[in-house]
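**Q** The structure follows.
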2 protein chains.
Amino acid sequence: MADWQRTHTCGELRETHLGQTVTLNGWVLITRNFPNQVFVDLRDRYGLTQVVIEDGDKALFAEANQLGREYVLSVTGVVRKRIAGKERADIPTGQVELEAKAVRVLNACPPLPFSVTEFPDEEPANEDLRLQYRYLDLRRRSIQQVLMLRHRVCKIIRDYMDTNGFLEMETPLLGKSTPEGARDYLVPSRVFNGEFFALPQSPQLYKQLLMISGYDKYFQLARCLRDEDLRADRQPEFTQLDVEMSFVERDDVLTLMEGLAADLLKQCLGVTLALPLPRLSYQDAMLRYGSDKPDNRFGMEIIDIGDVAGESEFKVFKDVLAAGGVVRGLNAKNAAAKFSNSDLKPGGKLSAFVTQFKAKGLAWMKCEAGKLTGSIEKFFPDAVKAKLIEKMQVENGDVLLFVADKESVACDALGALRSHLGSELKLYKNWWDEKAEYDATEEKAAKKEKRAPNPFVVKPEHFKMLWVLDFPMFAFDDEERRWVAIHHPFTAPMDEDVANLESNPGAVRAKAYDMVLNGYEVGGGSIRIHRQDVQAQVFKMLGMPLEDAQARFGFLLDALQSGAPPHGGIALGLDRWCMILAGTTNIRDVIAFPKNQKARDLMTGAPAVVEPRQLKELGVELKK
Amino acid sequence: MADWQRTHTCGELRETHLGQTVTLNGWVLITRNFPNQVFVDLRDRYGLTQVVIEDGDKALFAEANQLGREYVLSVTGVVRKRIAGKERADIPTGQVELEAKAVRVLNACPPLPFSVTEFPDEEPANEDLRLQYRYLDLRRRSIQQVLMLRHRVCKIIRDYMDTNGFLEMETPLLGKSTPEGARDYLVPSRVFNGEFFALPQSPQLYKQLLMISGYDKYFQLARCLRDEDLRADRQPEFTQLDVEMSFVERDDVLTLMEGLAADLLKQCLGVTLALPLPRLSYQDAMLRYGSDKPDNRFGMEIIDIGDVAGESEFKVFKDVLAAGGVVRGLNAKNAAAKFSNSDLKPGGKLSAFVTQFKAKGLAWMKCEAGKLTGSIEKFFPDAVKAKLIEKMQVENGDVLLFVADKESVACDALGALRSHLGSELKLYKNWWDEKAEYDATEEKAAKKEKRAPNPFVVKPEHFKMLWVLDFPMFAFDDEERRWVAIHHPFTAPMDEDVANLESNPGAVRAKAYDMVLNGYEVGGGSIRIHRQDVQAQVFKMLGMPLEDAQARFGFLLDALQSGAPPHGGIALGLDRWCMILAGTTNIRDVIAFPKNQKARDLMTGAPAVVEPRQLKELGVELKK
C-alpha cells in the first residue's frame, strides 16, 4: 500500500480509534480558516470526517490555508476527541476529529460552476447546468444516496429471483423490429448492407422463445430503448425487470411478484406490505376510479347515479341516459369552503379541468346547512334528493360533482378529476413530502437537544398497491379503423372468450394484469398465447393475414407449434420503482447519466456528428 | 392452481414419494411403445422422469400411442418403484417412475428439423441449422447446463463485488463515439437530425466520470458492442465485468480480481486457485514465452542463446546479432521421433509454420545418441556445443529450434511455435478434453456396475493463471507513422517514466495489467491518468493537439481538473470466462441468442429491412 492510501474511509472513525494514526482520502467539502487552525470537512462516499490542521507546523499550516472546496486530499494524522461542545450528533464520526500530521493534495480543483455541498441555505443549481456537469452533480450526497439505493434495489431483485429459481439470461440488443407501439431506434448494418437492426423495446419475443426452449423461469434486468421524446418521467433508455415463467397461470405470476414488491418495500423502506394485494377488474377500476391505475391512498370513489339521475327532471342527464350514456359523480367531502360557486360554474376552474378530458361540462351541488344547493338542485324533487344523499353519503360541507357523458368520457374525466382533487384537497401525502416536513422539524429539534435526529418512519399507508385484471384484449382505433392490441399481440385471451375473437372482439378479455402502486403502473404483464392457431387468429384480428404474419413473425409461429408450453410473465419498470423508493418524481434523479436535450456538451447529452467515411461504410447518407 | 399444473418438477421424484399422486409438466424426450405399455421420458429444466402408461385405460393407452417427441404434456399419476433391474443409476429419479392416470397434451409438436435428445449415437446437427432454429437448439441438455452456469457465474460475480463494497451502476447505451480501436455501431438520432449516437464499445469514460463523482467502487456487467466480423470466439455484442476503483494502486486491483477468479473457479468447478497469482513483466513474458498472454500449463520456455550463437561460426546467426537482432530457441523435449528432418528443413511443416509470423527461417538441431545433429551442427565447435547443451538442458531425443531475427519477429514466431508444439506434443490438456475422455470410460463402467458415475474432478493444474504487467505505453504504427496507445489513451504512464513521455515514448511503460488464464487474456485494465496535464500530454503524443482533444474529450479534460481522484480498474470478458468454466471453445455455446450471418430467418440472425417512412423520420437514406 502506498503511503498516501487510506487506512480508513471518511465515515469510519469513532472514539474507539482515539490515538491511532490513520490516513484518509477524500474531497474537501468545506474549509473553515481561523488564525491558528484550519478545519476541513473531508468527504467520501462513506461519510464525513473533520480534519484539523494546527499552526504548529508552519509549512503544513500555510498549505492548509491554500485548500479549496473539492480538492482531493490524502490526510495522515492522529484521531482525537473533538473539544467539548463541538461534537456533532448528526453524523457517526461526530465525536472525533483527525489532527493532521501530513496533507497531500492528490488533485486540485478550481471554483466549480455550482456548489455540490447541498447546505440548507443554498439555492439548488439549474437542472440543465447540473446535467451539463453531471460528474459534479453526481457528487451531491442526496443523489449518491439514490444511486446507492438503486444498486441495493437491483441486488434485492436479483437475490429474490435467484432464490425463486429464476435464471438471469441476456438477450440481444441488435435484433429485428417487433411491434411494441413505440418508435424503434435503428442501427444500420455494415454486413447486411442496406438493412437495419432495431434496438429492443423489450425482450418480449426472446423471453417467449426461452420458454419454448424449456428454461422454465427467466428474468433479466433488461435495458430497453424507445425513440420517444423526453419527459420528466420518461427516458429513451430505460431498465425493466423482465420475467417469464412456464406452466403457470395468472395467479402464479401475481403471487411471485407481490412477494418481490413486499421485499423491496421492507428492505428499502422498512414498510410491511399486507399480502395478497387487492385485485380489481379493469371494469371495476374504471367504474370506481375512472382509471386503470387507481390511486387508492384515498377514497372518494366515483359513484354511478344513473338510476337517481333518471328520476330527476334534469334534461341533460336524461338525454345522456337515453342515448346510452352514464351519469356519474364524486362526493368531495368537506370541500364546500374550498370551492366557490364560480370555481364550479361553466368556465370555472373545475369545469375547465374536466373539459380537457372531452367532458361537455361539470354539474354540481353543495350540501350546506342540511340542504342541497346549486344550479341543478331544482331539477331534483325531494324524494330523488333523498336517494342521492343516501347513495352518495352526503353530509354538510360536501361538494357533489357530476359528469354525464358516454361511459369512456365520464370515466376519463371523473378519474382525472378525482386525482386532481385528491391532490388539491390533500387527501393523501407522498411519503417523501411527509418526510421532508418531518426532517425539517426534527433536525432543528435534534440540533437544539444535541442528539442524533430520529429517522423518519415510512408507514404502510404510504403505499397502496393493487392488481388490475381482466383488461379488454382489443381497442378499436377510430383513426386507423381497425382493432389494436391493448397489451401486445402475444397476450392470451381468456379461455372462455376465445370463441368470440372474430365475432365480438370488443368483448374479449385478455389474461393481462397491471401492478399499480399509489396510482402509478409499476408493472404489467400477461399470460401469453402458446397455441399457434390462436396467435395466427389474433394477428388476423389485428389486420395481419397469415402471409404477413409469417413474413414478420414466422419464427414465432413456427416456435409455437414446436412444443411451446403455457407461459406468462411480467415487466416491472426499474426506474419507476427506484423513483418511488427514493422518493422523487424526476426520473433523472435515479439514472446516473440521463439524457437531456439541452446538455449537449457532455458525452451523455447528445450524439456526435460522425465522419463521412463511417457513413460510407454503412451505405447510408444524410438527406439534405 | 389449475388441475393441469405441476406439483413437482421432472427432477424431483424419489423413493420418498412412493404412492403419492403427483402432476408433472414437461416435454417428451422419447417414447418407447410396447404392446401393453408406453414409456415416456418426460423432461424439464430440472431433470427427467420415466412415465409409464398401462393399457388398462384403453382411451388413455390409445392416446399415449399418439405421443411424439417434444410434445408438451401434463401427466397426473402415482409414483411407483421401477421394476427390479430397470433402475437407472445415472439420474436422480432413476429408482422411480410415474404410473399415469391422466395425460393432457398441452401442445403438440411435429417432427423437428433435428433431434434435441443428444443421445450418444446421434450426429450433432449442422451449426447453421441449429442457429436457425435456436429455440430448439436451446433445448439440448448440454446447452441448458451452460446457460444455467452462466447465470451462476453472474450471481457469483455480483455477490463478490457487492460484498466488497462495489455499486453496480448502469451507463448509457446511446452516447458519443470514444476511441476503443474498433468500429462503432451508430444510431441515427431523430431529435438531433443528422447526428448519430454510438453504441458503447465499453463504459470506460463513464466509469472514470463516476470515480470523479466520488462513487469510489463501481462495477457493471456491461453490454458492449463492436462492429467487427464474426469469429468463433467473437460476437459483435459481448458482456464484460467492468470495474473501477478510486484511491487505489495497481496491486489493489490485482488482489481484488484474483480473489474473484478464485471464487469463480472454486464455486463453478471446485478448483482451488493458489493466490497471489504469479506476476510477470511484459518484457519477461515476451522473452520467455514470446507472448503477452503466455500459456504456462507447460514449460518449454524460450531461451535466448545470443551469447552462444555469437561464439558459433554460423553466419546467419552472427549477421542477425551484428544487426541488433536476437537468436532464441526452444527445446522440444523428446520430440525427435515426432519430427522428421523433412518436417524441420526449409519448406517443411515447422519451418513453414514460423514463416507465417515473418520469421525468415527455422534453424534446428536434434540430440541423438548423445550428440547434436542437424544442418547447422557443423558451425558449432565442441566447446560452443557444450555451452548450448548446458544452456538449453539438452538430452537425448530433444529437438532444438532456433529463430534468428529482429526481436519482435523472434518473439512472435517462437511464441506461436511454442503454443503450436504445446498442443502437438500434448504438453497440456484442456480440462474439458480430459473430462470427455474420463466420462466416456466412467459412464460405461458405471452402467456395467449399475452405479451412478463418479463425477470428473477438475484439478488445480488445469488452470494456470498469471498477471502480465508493465506493458509499454505506446507502439509506433508504421503505416500511420505515429504513436498509438497499446491499452487506451486514458492509461497512466509509470510515474518514473512520465518525464520521458515526449523525449522517448517507446521507453514509457504503462500502469497496465492483463489477467491471463491458460494462454487466454481473461481480463485487462490499468491505473488511469487522473491529472489533466498528463492526459493532455498523452493526447498530444497520440497526434491530438489540445484543441482537437478539447473538442472530442473536453468533458473529460474538464472533469480531470475538477477534483479527480487517483483511480484504476479492469474489465473481465464474461463470455470468455463462461467458455472456460463451461469447457467450450465456441462462443456461441455460452450466448442464448448469438449472431450468425447465415441464420437469417431467425430474429436473432439478421436485421430487417425497414420501411421508407422510418428512414424519412430519421433523415437518412440508403445509397444506391
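The values are calculated or read from the model by the stated rules, or taken from the named source; none is laboratory data. Since we're looking at a predicted model, the values are computed, not measured. With ideal geometry, Cβ positions are generated from the backbone for all residues, glycine too; neighbour counts draw on all protein chains shown. Side chains included, ligands, DNA and RNA excluded: accessible areas come from the protein's heavy atoms. Shrake-Rupley method; radii C 1.70, N 1.55, O 1.52, S 1.80 Å.
**Q** Can you name every residue in segment B:359-398 that is surrounded by 17 or more Cβ atoms within 10 Å (Cβ to Cβ) and closer than 14 Å to B:Phe339 by Cα?
**A** Once the filter is applied, which keeps residues that are surrounded by 17 or more Cβ atoms within 10 Å (Cβ to Cβ) and closer than 14 Å to B:Phe339 by Cα, segment B:359-398 yields B:Leu362, B:Ala363, B:Trp364, B:Met365, B:Lys366, B:Cys367, B:Gly374, B:Asp398.
**Q** Within the group B:Asp242, B:Asp229, which residue is farther than 30 Å from B:Asp128 by Cα, among the acidic types (Asp, Glu) and either at the interface with chain A (Cβ under 10 Å from one of its Cβ atoms) or surrounded by 22 or more Cβ atoms within 10 Å (Cβ to Cβ) (or both)?
**A** Working: B:Asp229 fails: farther than 30 Å from B:Asp128 by Cα.
Only one candidate passes the filter, namely B:Asp242.
**Q** Keeping to segment B:450-459, report how many residues are touching a residue at least 24 places away in the same chain (Cβ under 8 Å) and open to solvent by 50 Å² or more (accessible area, probe 1.4 Å). Spell out the reasoning first.
**A** Let us first name the residues in segment B:450-459 that are touching a residue at least 24 places away in the same chain (Cβ under 8 Å), namely B:450-453, B:457-459.
With the extra rule that they be open to solvent by 50 Å² or more (accessible area, probe 1.4 Å), the set shrinks to B:450-452, B:457, B:459.
Residues flagged as touching a residue at least 24 places away in the same chain (Cβ under 8 Å) and open to solvent by 50 Å² or more (accessible area, probe 1.4 Å) within segment B:450-459 amount to 5.
**Q** Could you check how many residues of segment B:183-197 are within 7 Å of chain A (Cβ to nearest Cβ) and either under 27 Å from the mean Cα position of the chain (by Cα) or in a helix (DSSP H, G or I) (or both)?
**A** Residues that pass the stated criteria total 2.
**Q** Let me ask you something else. Quick check on my filter: what residues within segment A:51-86 are within 14 Å of chain B (Cβ to nearest Cβ), in contact (Cβ under 8 Å) with a residue 40 or more places away in the chain and out of contact with any Gly (no Cβ under 7 Å at 6 or more places or on another chain)? Give the derivation first.
**A** Initially, segment A:51-86 is screened for residues within 14 Å of chain B (Cβ to nearest Cβ), giving A:67-76.
Those left that are additionally in contact (Cβ under 8 Å) with a residue 40 or more places away in the chain: A:68-76.
Across segment A:51-86, the qualifying residues are A:Gly68, A:Arg69, A:Ser74, A:Val75, A:Thr76.
**Q** At least 2 residues that are surrounded by fewer than 20 Cβ atoms within 10 Å (Cβ to Cβ) in each: list the helices (runs of 4 or more DSSP H) lying fully within segment B:96-182 that qualify. Steps first, answer last, please.
**A** Numbers: elements: B:127-132, B:134-137, B:141-163.
Fully inside segment B:96-182 and qualifying: B:127-132, B:141-163.
**Q** Looking at B:Leu112, B:Leu42, B:Leu48, B:Leu106, which is the one that is touching a residue at least 24 places away in the same chain (Cβ under 8 Å), in contact with a Lys or Arg (Cβ under 8 Å, 6 or more places away or on another chain), under 23 Å from A:Asp216 (Cβ atoms) and within 13 Å of chain A (Cβ to nearest Cβ)? I'd like the intermediate steps shown before the answer.
**A** On the way: B:Leu42 fails: in contact with a Lys or Arg (Cβ under 8 Å, 6 or more places away or on another chain); B:Leu48 fails: in contact with a Lys or Arg (Cβ under 8 Å, 6 or more places away or on another chain); B:Leu106 fails: in contact with a Lys or Arg (Cβ under 8 Å, 6 or more places away or on another chain).
Going through B:Leu112, B:Leu42, B:Leu48, B:Leu106 in turn, just one is touching a residue at least 24 places away in the same chain (Cβ under 8 Å), in contact with a Lys or Arg (Cβ under 8 Å, 6 or more places away or on another chain), under 23 Å from A:Asp216 (Cβ atoms) and within 13 Å of chain A (Cβ to nearest Cβ): B:Leu112.
**Q** Related question: Please find, among B:Leu350, B:Leu401, the residue that is buried (at least 19 other Cβ atoms within 10 Å of the Cβ), assigned to a helix (DSSP H, G or I) and not aromatic (Phe, Trp, Tyr).
**A** Details: B:Leu401 fails: assigned to a helix (DSSP H, G or I).
Answer to the check: B:Leu350.
**Q** (1) more than 30 Å from A:Glu377 (Cβ to Cβ); (2) at pLDDT 95 or above; (3) crowded, with 16+ Cβ neighbours inside 10 Å: which one isn't true of A:Asn296, the others all being true?
**A** (2)
**Q** For B:Glu168, all conditions in the list (1) touching a residue at least 40 places away in the same chain (Cβ under 8 Å); (2) more than 7 Å from every other protein chain (Cβ to nearest Cβ) hold save one; what is the number of the exception?
**A** The single condition B:Glu168 does not satisfy is (2).
**Q** Specify which of the listed residues (B:Lys450, B:Lys385) is part of a helix (DSSP H, G or I), charged (D, E, K, R) and not assigned by the TED database to the domain that holds B:Lys266. Spell out how you get there, then give the answer.
**A** Values: B:Lys450 fails: part of a helix (DSSP H, G or I).
The conditions single out B:Lys385.
**Q** Quick one: in segment A:246-256, of everything that is within 11 Å of chain B (Cβ to nearest Cβ) and not small (Gly, Ala, Ser), which residue is nearest to A:Val590 (Cα to Cα)? Outline the logic, then answer.
**A** Of all residues in segment A:246-256, those within 11 Å of chain B (Cβ to nearest Cβ) come to A:246-252, A:255.
In the following step, the residues that additionally are not small (Gly, Ala, Ser) were identified as A:247-252, A:255.
Working: A:Phe247: 35, A:Val248: 33, A:Glu249: 33, A:Arg250: 31, A:Asp251: 31, A:Asp252: 30, A:Thr255: 27 Å.
The qualifying residue nearest to A:Val590 (Cα to Cα) is A:Thr255.
**Q** So, one more: What number of residues within segment B:460-487 satisfy the criterion of being modelled with pLDDT of 90 or more, open to solvent by less than 70 Å² (accessible area, probe 1.4 Å) and assigned to a loop (DSSP other than H, G, I, E, B)?
**A** Matching residues across segment B:460-487 total 4.
**Q** Confirm whether B:Asp398 is without any contact (Cβ under 8 Å) to a residue 60 or more places away in the chain and either within 27 Å of B:Asp307 (Cβ to Cβ) or not small (Gly, Ala, Ser) (or both).
**A** Working: without any contact (Cβ under 8 Å) to a residue 60 or more places away in the chain: no; either within 27 Å of B:Asp307 (Cβ to Cβ) or not small (Gly, Ala, Ser) (or both): yes.
So B:Asp398 does not fit the description; no.
Yes or no, residue by residue, for (1) more than 21 Å from A:Phe119 (Cα to Cα); (2) open to solvent by 20 Å² or more (accessible area, probe 1.4 Å):
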{"position": "A:Thr7", "(1), (2)": "yes, yes"}
{"position": "A:Gly11", "(1), (2)": "no, no"}
{"position": "A:His17", "(1), (2)": "yes, yes"}
{"position": "A:Asn25", "(1), (2)": "yes, no"}
{"position": "A:Pro35", "(1), (2)": "yes, yes"}
{"position": "A:Gly56", "(1), (2)": "yes, yes"}
{"position": "A:Ala59", "(1), (2)": "yes, yes"}
{"position": "A:Asn65", "(1), (2)": "yes, yes"}
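**Q** Of the residues that sit in segment A:545-594 and are within 10 Å of the chain's Cα centre (by Cα) and of a type in the set (D, E, K, R), which one is most open to solvent (accessible area, probe 1.4 Å)?
**A** A:Arg576
**Q** Separate question: Looking at segment B:363-395, which of its residues are among the charged types (D, E, K, R), touching a strand residue (DSSP E or B) at 6+ places or on another chain (Cβ under 9 Å) and more than 16 Å from B:Gly310 (Cα to Cα)? Walk me through it before giving the result.
**A** Of the residues in segment B:363-395, the ones among the charged types (D, E, K, R) are B:366, B:368, B:371, B:377-378, B:382, B:385, B:387, B:390-391, B:395.
From what is left, the residues that are touching a strand residue (DSSP E or B) at 6+ places or on another chain (Cβ under 9 Å) are B:366, B:377, B:385, B:391, B:395.
Answer for segment B:363-395, where residues must be among the charged types (D, E, K, R), touching a strand residue (DSSP E or B) at 6+ places or on another chain (Cβ under 9 Å) and more than 16 Å from B:Gly310 (Cα to Cα): B:Lys366, B:Glu395.
**Q** Now for a different question. Quick check on my filter: what residues within segment A:524-544 are in a helix (DSSP H, G or I) and either within 13 Å of chain B (Cβ to nearest Cβ) or open to solvent by less than 10 Å² (accessible area, probe 1.4 Å) (or both)? Walk me through it before giving the result.
**A** If we filter segment A:524-544 for residues that are in a helix (DSSP H, G or I), which is where we start, we get A:532-541.
Across segment A:524-544, the qualifying residues are A:Gln532, A:Asp533, A:Val534, A:Gln535, A:Val538, A:Phe539.
**Q** Let me ask something else about it. Scan B:Glu258, B:Glu249 and give me the residue that is out of contact with any helix residue (DSSP H, G or I) (no Cβ under 9 Å at 6 or more places or on another chain), under 30 Å from B:Ala582 (Cβ atoms) and among the charged types (D, E, K, R).
**A** Details: B:Glu249 fails: under 30 Å from B:Ala582 (Cβ atoms).
Unique residue meeting the criteria: B:Glu258.
**Q** Give just the number: which of (1) facing chain B (nearest Cβ under 10 Å); (2) crowded, with 20+ Cβ neighbours inside 10 Å does A:Gln204 not satisfy?
**A** With respect to (1) facing chain B (nearest Cβ under 10 Å); (2) crowded, with 20+ Cβ neighbours inside 10 Å, A:Gln204 is out only on (1).
**Q** What residue, among those in segment A:173-182 that are within 24 Å of the chain's Cα centre (by Cα) and more than 7 Å from every other protein chain (Cβ to nearest Cβ), is modelled with the lowest pLDDT? Outline the logic, then answer.
**A** First pass over segment A:173-182, keeping only residues within 24 Å of the chain's Cα centre (by Cα): A:173, A:179-182.
Narrowing the set further to residues that are more than 7 Å from every other protein chain (Cβ to nearest Cβ) leaves A:179-182.
On the way: A:Pro179: 61, A:Glu180: 56, A:Gly181: 71, A:Ala182: 82.
Top of the filtered list is A:Glu180.
**Q** If I go through segment A:211-224 residue by residue, how many of them are within 7 Å of chain B (Cβ to nearest Cβ), over 24 Å from A:Val153 (Cβ atoms) and either open to solvent by 10 Å² or more (accessible area, probe 1.4 Å) or touching a residue at least 12 places away in the same chain (Cβ under 8 Å) (or both)?
**A** Of segment A:211-224, the ones within 7 Å of chain B (Cβ to nearest Cβ) are A:212-216, A:223.
Add one more test, that the residue is over 24 Å from A:Val153 (Cβ atoms), and what stays is A:212-216.
Imposing the further condition that a residue be either open to solvent by 10 Å² or more (accessible area, probe 1.4 Å) or touching a residue at least 12 places away in the same chain (Cβ under 8 Å) (or both) reduces the set to A:212, A:214-216.
So the count comes out to 4.
**Q** Confirm whether A:Asn500 is polar (S, T, N, Q) and more than 30 Å from A:Asp90 (Cβ to Cβ).
**A** The answer is yes for A:Asn500.
**Q** Whether any residue in segment B:277-290 is more than 13 Å from chain A (Cβ to nearest Cβ), basic (Lys, Arg), open to solvent by 40 Å² or more (accessible area, probe 1.4 Å) and touching an Asp or Glu at 6+ places or on another chain (Cβ under 6 Å) is what I want to check. Show your work before the answer.
**A** Here is the first cut: in segment B:277-290, the residues more than 13 Å from chain A (Cβ to nearest Cβ) are B:277-290.
Right, trim to basic (Lys, Arg) and you get B:279, B:288.
So of that shortlist, the ones also open to solvent by 40 Å² or more (accessible area, probe 1.4 Å) come out as B:279, B:288.
Checking the rest, the ones that are also touching an Asp or Glu at 6+ places or on another chain (Cβ under 6 Å) come to B:288.
Within segment B:277-290 (the criterion being more than 13 Å from chain A (Cβ to nearest Cβ), basic (Lys, Arg), open to solvent by 40 Å² or more (accessible area, probe 1.4 Å) and touching an Asp or Glu at 6+ places or on another chain (Cβ under 6 Å)), the answer is yes, since at least one residue qualifies.
**Q** So the check is Cβ under 6 Å with 6+ separation or different chains; which pairs have a first residue in segment A:563-579 that's over 30 Å from B:Arg134 (Cβ atoms) and within 11 Å of chain B (Cβ to nearest Cβ) and a second one that's modelled with pLDDT of 95 or more and surrounded by 23 or more Cβ atoms within 10 Å (Cβ to Cβ)?
**A** A:Asp575/A:Val590; A:Cys578/A:Arg150; A:Cys578/A:Val590
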